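Notes follow the structure.
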Amino acid sequence: MYMGTIITVKAYGKNADKAADKVFKRISELEEILTVNDTGSEIDDLNDMAGIVEVKLSSDSLYVLNKAKEYAELSEGAFDVTIGPLVKAWNIGTDNPRVPLKDEIDELLKLVDFRDLKIDNANHTAYLARRGQMVDLGGIAKGYAGDEAIKVLKENGIESALVNLGGNVVVLGSKPDGNLWTVGIQNPREAAGKYLGTISVRDKAVVSSGDYERYFMKDGVRYHHILDPRTGYPADSGLISTTIIADSAIDADALSTSVFVLGLENGMKLVESLDGVEAVFVTEDKKVYVTEGLKDIFIFYQEDSKDFTYVEER
Amino acid sequence: MLKKGDFLLVILILAATVAAFAGIRYFKNDAGGHKIAVIKQDNKVIREIDLDRVEEPERITLTGKYNNKILVEKGRIRFEESDCPDLVCVHTGWLDERGSSAACLPNKVVVVIQGGNNEVDAGTY
């Protein structure tokens, strides 16, 4: 999965300009550390040394990897950052996406297991147990960057801000006029900027995952970028989009991917079991479901989303 | 896969107001105004088009690392063709509402319809 790309920072207050500048720097720094590339980020080192030796990591990497394991356990493997070898094989979002052969997928699937990611927090190291294993932080790094952006803004005295990091929206405080921030949830079957509905929040992260973000078509089949770590294929859980509202963006990011893979029933169960987390689910038969806590907050755009049905009672 | 460069292709849109006193209304687009599409490459404005005044469809070709063809019609605009790797720009489809945008990051091109949904501060995707 690609990292998001356009970053919008709306910061209000005295040092807004400077603060936003620092946000940009911090995000560039995180890119250097967390992305998978061929020039040697920390995560590249971890992958290169798979099955060989543990590698020293910054506290940023360690934090993200620990969170990744936490969500792997919570989702029972529906979210798994050791999906790397399959992400590479499918190559979705690059110039050469392809449908790997079944045999190849089965072979690579053997390398996917978050339990093989050993983290030694005391010594600031991590280790992938087997050769060929690869971590890909696509489902979580952007969330962490969102949280760090808010942290930088706060440190610079900003009390009201909105950061949109490639579709991950994180808000600090309320709007300058005191109102809540209104966040639109992308309609998964309409053009960008057309919303299924809105929610109004303060101090929250709102993150969506969907089959519409990155995909390629082959023989009439849509192959999207959210791979199911249990099958090796794009998740086919009956959902076309999930949105998580949580206090932190890293949680929202990891959870939106997790529940997308888990599907409506299990995804809903997981979200309802967590404090302070709400969700919007959209199924492929175009039904929209929300968690209990969102029922009073979610505003469904009936007029603009005629193909969709908002299911208030399940 | 997360790749280097994705993070760097960042457009920092900064809406920093002078003060954050309660009661100060931040900029809102005039809902009755025309829809203005802005095409930017390398963060520089290439074209501004009043979509409400488009009479005949127009195609704009942008070169760079890749080639983008942008199609403009009355009230709307889209990436029609591109030889970039991911085709996210083309997949985004038509833009016809204020605040909506499409980007070809490999070619560093962004198309945005100015203003923004009056009720929505930001959208997920």
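Here are the criteria: (1) out of contact with any Leu (no Cβ under 8 Å at 6 or more places or on another chain); (2) surrounded by fewer than 18 Cβ atoms within 10 Å (Cβ to Cβ); (3) modelled with pLDDT under 95; (4) of a type in the set (Gly, Ala, Ser). Tell me which single one A:Ser59 does not satisfy.
Unmet condition: (3).
More than 14 Å from chain B (Cβ to nearest Cβ) and without any contact (Cβ under 8 Å) to a residue 12 or more places away in the chain: does that describe A:Asp48?
In short, yes.
Identify the single condition in (1) modelled with pLDDT under 90; (2) within 12 Å of chain A (Cβ to nearest Cβ); (3) surrounded by 15 or more Cβ atoms within 10 Å (Cβ to Cβ); (4) in a loop (DSSP other than H, G, I, E, B) that B:Tyr66 does not satisfy, given that it satisfies every other one.
(1)
Under 7 Å between Cβ atoms, which residue pairs at least 6 apart in sequence (or on different chains) link something in segment A:75-95 that is touching a residue at least 24 places away in the same chain (Cβ under 8 Å) and within 11 Å of chain B (Cβ to nearest Cβ) with a partner that is of a type in the set (Ser, Thr, Tyr) and surrounded by 18 or more Cβ atoms within 10 Å (Cβ to Cβ)?
A:Ile92/A:Tyr215; A:Ile92/A:Tyr223; A:Gly93/A:Tyr2
Just need a number here: residues in segment A:214-232 that are loosely packed, with under 12 Cβ neighbours inside 10 Å and under 17 Å from A:Arg189 (Cβ atoms).
Total meeting the criteria: 3.
What's the number of the condition B:Ala20 fails, among (1) modelled with pLDDT of 75 or more; (2) surrounded by 18 or more Cβ atoms within 10 Å (Cβ to Cβ)?
(1)
Take the residues in segment A:134-178 that are more than 18 Å from A:Arg26 (Cβ to Cβ) and touching a Gly at 6+ places or on another chain (Cβ under 7 Å), then tell me which one is nearest to the other protein chains (Cβ to nearest Cβ).
Filtering segment A:134-178 for residues that are more than 18 Å from A:Arg26 (Cβ to Cβ) and touching a Gly at 6+ places or on another chain (Cβ under 7 Å), the one nearest to the other protein chains (Cβ to nearest Cβ) comes out as A:Gly167.
Any residue at all in segment B:90-102 that's touching a residue at least 12 places away in the same chain (Cβ under 8 Å), facing chain A (nearest Cβ under 7 Å), within 13 Å of B:Leu62 (Cβ to Cβ) and buried (at least 22 other Cβ atoms within 10 Å of the Cβ)?
Within segment B:90-102, one or more residues are touching a residue at least 12 places away in the same chain (Cβ under 8 Å), facing chain A (nearest Cβ under 7 Å), within 13 Å of B:Leu62 (Cβ to Cβ) and buried (at least 22 other Cβ atoms within 10 Å of the Cβ).
Exactly one condition in (1) at the interface with another protein chain (Cβ under 9 Å from one of its Cβ atoms); (2) charged (D, E, K, R); (3) surrounded by fewer than 17 Cβ atoms within 10 Å (Cβ to Cβ) is false for A:Glu70; which is it?
All conditions pass for A:Glu70, except number (1).
Tally time: how many residues in segment B:76-125 are of a type in the set (Gly, Ala, Ser), farther than 14 Å from A:Ile6 by Cα and part of a strand (DSSP E or B)?
1
Considering each residue of segment A:193-228, count those that are of a type in the set (Phe, Trp, Tyr) and assigned to a loop (DSSP other than H, G, I, E, B), and give that number.
1
Please go through segment A:191-220 and pick out each residue that is of a type in the set (Asp, Glu) and more than 8 Å from chain B (Cβ to nearest Cβ).
Result: A:Asp203, A:Asp211, A:Asp219.
Output the residue which, of all residues in segment B:35-47 that are surrounded by fewer than 14 Cβ atoms within 10 Å (Cβ to Cβ) and not in a strand (DSSP E or B), is modelled with the lowest pLDDT.
B:Asn43
Scan the strands (runs of 3 or more DSSP E) fully inside segment A:236-299 and keep the ones with 3 or more residues being crowded, with 24+ Cβ neighbours inside 10 Å and in contact with a helix residue (DSSP H, G or I) (Cβ under 9 Å, 6 or more places away or on another chain).
Because the criterion is at least 3 residues that are crowded, with 24+ Cβ neighbours inside 10 Å and in contact with a helix residue (DSSP H, G or I) (Cβ under 9 Å, 6 or more places away or on another chain), the strands (runs of 3 or more DSSP E) in segment A:236-299 that meet it are A:239-246, A:278-283.
Counting only residues that are without any contact (Cβ under 8 Å) to a residue 40 or more places away in the chain and more than 22 Å from the chain's Cα centre (by Cα), which one in segment A:176-203 is farthest from B:Val112 (Cα to Cα)?
A:Gly178
Which of the residues spanning segment A:286-301 are in contact (Cβ under 8 Å) with a residue 24 or more places away in the chain and within 13 Å of A:Leu264 (Cα to Cα)?
Those that are in contact (Cβ under 8 Å) with a residue 24 or more places away in the chain and within 13 Å of A:Leu264 (Cα to Cα): A:Lys286, A:Lys287, A:Val288, A:Tyr289.
What's the number of the only condition in (1) under 30 Å from B:Pro85 (Cα atoms); (2) crowded, with 16+ Cβ neighbours inside 10 Å; (3) at pLDDT 95 or above that A:Ala126 fails to meet?
(1)
The values are calculated or read from the model by the stated rules, or taken from the named source; none is laboratory data. In this text, all values refer to a predicted model and were calculated from it rather than measured experimentally. Glycine gets a Cβ as well: all are built from the backbone with ideal geometry, and neighbour counts include every protein chain shown.
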